[in-house]
Amino acid sequence: MTELESALKPEVRRSPDTVTRTFRIDRDVDRKMEGLSSEGRVSMNQMANKALRRYVEWEVNAEKFGTVTTSASTIRKFFDYLTIEQAKEMGSWWGENQAPGIITFWFKKFDFDTVLKALEFLGAQYGRAFTSDHAFDGRSHTLIVKHDMGLKASVFYAEAVKAAFSHLGLGTDIFVTDDQVIAISPPDPAHPLNRSYEGAADLKYPTSATSRPIPKLRKGQRAESDSRDS
């Protein structure tokens, strides 16, 4: 065992949000921490805080909730076996049944702020399934979820977001490409994305994996493919 007291001491300028504690850790863990600290050029104090924060914010609850970890390539392969309709059904089920329970379990309440926090946890911070970004212009919230798992994953995430927001009584316009989902809540008919997609009450996503926009048709106008088939 080795002392970690010096590594966990706060900086010279002490923050009122920090405390000093002394830990005893296994010697082999200390050696690995020293190596990682040198390679990454980060202090032992930063590494210890990051590891402890992950444990108290993620690992404890993940274990209680039965969360498992798998590789991104495995998840991508899973989506490859689904049809678009199956991806929609899975996403809707997850957003309707799983998301509220998980978020309430983690944060003790289910509201818009905890949904955003959950996206951070499940995304880049801990789960690493995707990255997310959120902006508010005073009228509409814009949520962007980015990943690299293909169109079917986008459809899954889109349906999950739509179902979760519906739980909060929020209407949502959702647009997808092969690698991202854009959710706008409340719906904004004047949003630029609405000018290139067919208006629909359901998801607004391409019919093929090329992610081409679906053109709006004037009343009475038929798609070119329909005209050729008749």
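The values are calculated or read from the model by the stated rules, or taken from the named source; none is laboratory data. Not measured: the values here are computed from a predicted model. Glycine gets a Cβ as well: all are built from the backbone with ideal geometry, and neighbour counts include every protein chain shown. These accessible areas exclude ligands, DNA and RNA; they are computed on the full protein's heavy atoms, side chains included. Shrake-Rupley method; radii C 1.70, N 1.55, O 1.52, S 1.80 Å.
Here are a few things to note about the model shown:
- For Asp113, the accessible area of its heavy atoms, probed at 1.4 Å with every protein chain present, is near 110 square angstrom.
- The stretch 15-64: trypsin sites (Lys or Arg not before Pro) falling in loop per DSSP and having at most 16 other Cβ within 10 Å: Arg21, Arg41
- Accessible-area ranking of Ser38, Ser92, largest first, probe 1.4 Å: Ser38, Ser92
- Using the Cβ-Cβ distance between Asp137 and Asp26 with R0 set to 45 Å, the FRET efficiency works out to roughly 0.35.
- Accessible surface of Thr131 - all protein chains present, 1.4 Å probe, nearest 10 Å²: 70 Å²
- Cα-Cα over 24 Å, subset of Lys50/Lys152; Lys64/Lys162; Lys32/Lys108; Lys77/Lys146; Lys64/Lys117: Lys50/Lys152; Lys64/Lys162; Lys32/Lys108
- Protection proxy ranking of 120-127, 187-194 - average other beta-carbon atoms within 10 Å, highest first: 120-127, 187-194
- Spacing of the two label points (7 Å from each Cα toward its C-beta) at Glu96 and Thr70, in nm: 2.2 nm
- Potential lengthening between Ser43 and Thr18 on full extension [0.36 nm per residue; Cα-Cα distance subtracted]: 7.4 nm
- Cleavage-rule hits, chymotrypsin sites (Phe, Trp or Tyr not before Pro), the stretch 49-94, DSSP coil, Cβ neighbours within 10 Å at most 15: Tyr81
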